[in-house]
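What follows is one structure encoded as structure tokens, with my remarks underneath.
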Amino acid sequence: QVQLVESGGGLVQAGGSLRLSCAASGRTFSSTFSSLPMGWFRQAPGKEREFVAAIGQISMSTSYADSVKGRFTISRDNAKNTVYLQMNSLKPEDTAVYYCAATSTITTMSRYRSALLYDYWGQGTQVTVSS
């Protein structure tokens, strides 16, 4: 069984911070997590799912949506099979369900902005930012 489980969402005031975690488990991830690029996406009510951030394999290359650059930081702990999204200076427009995703495709960082590239998805965690 393959699982990605997000946690850390919640309600926060504008300007606040949250750290999302995504824990990977299952036979596919147990020995290969460090070789899998990971991404965070979000989906607000009535809107399409959009790219937030991605991190490469061991090289730790990262990519961010312009809307979160300078405020959000993606990182990973391969020993814990976990990827994180540190979100600072949150704005009401960051309100959405946040999903983590994993892919076995190795390509340029710019391509990890596409949700179509990802093979595995978590169930999502709600982030609500009040004004």
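The values are calculated or read from the model by the stated rules, or taken from the named source; none is laboratory data. The structure presented is a predicted model; accordingly, all values stated were derived computationally and were not measured. When we count neighbours, we look across all protein chains shown, and the Cβ atoms used for this are built from the backbone with ideal geometry, even at glycine. SASA here: full protein model, heavy atoms, side chains in, ligands and nucleic acids out. Shrake-Rupley method; radii C 1.70, N 1.55, O 1.52, S 1.80 Å.
Between residue 75 and residue 131, how high is the FRET efficiency from 1/(1 + (r/R0)^6) when r is the Cβ-Cβ distance and R₀ = 25 Å? Nearest 0.05. Computed FRET efficiency for residue 75 and residue 131 comes out at 0.35. Within the accessible surface of the chain, defined with a 1.4 Å probe on protein heavy atoms only, the carbon and sulfur portion equals 48 percent. Remark: spin-label model distance residue 31-residue 106 equals 1.7 nm, labels positioned 7 Å along the Cα→Cβ axis.
Over the chain, Cα pairs under 8 Å with separation of 6+ residues give a relative contact order of 35 percent. Per residue, the accessible area of the chain comes to 49 Å² when a 1.4 Å probe rolls over the protein heavy atoms. Sites listed here are trypsin sites (Lys or Arg not before Pro) in region 8-96 whose DSSP assignment is loop and whose Cβ has at most 16 other Cβ atoms within 10 Å: 47, 49, 69, 71. Taken about its Cα centre, the chain carries a charge dipole of about 120 debye when Lys and Arg each add +1 at the Cβ and Asp and Glu each add -1 at the Cβ. Ordered by solvent-accessible area of protein heavy atoms (1.4 Å probe), largest first, the residues 60, 109 come out as 60, 109. Summary of the geometry: region 35-64 and region 91-107, compared by the centres of their Cα atoms, lie 4 Å apart. In summary, the aspartates and glutamates within cross-link reach of residue 91, defined as a Cα separation below 18 angstrom excluding same-chain residues under 8 places away, comprise 50, 66.
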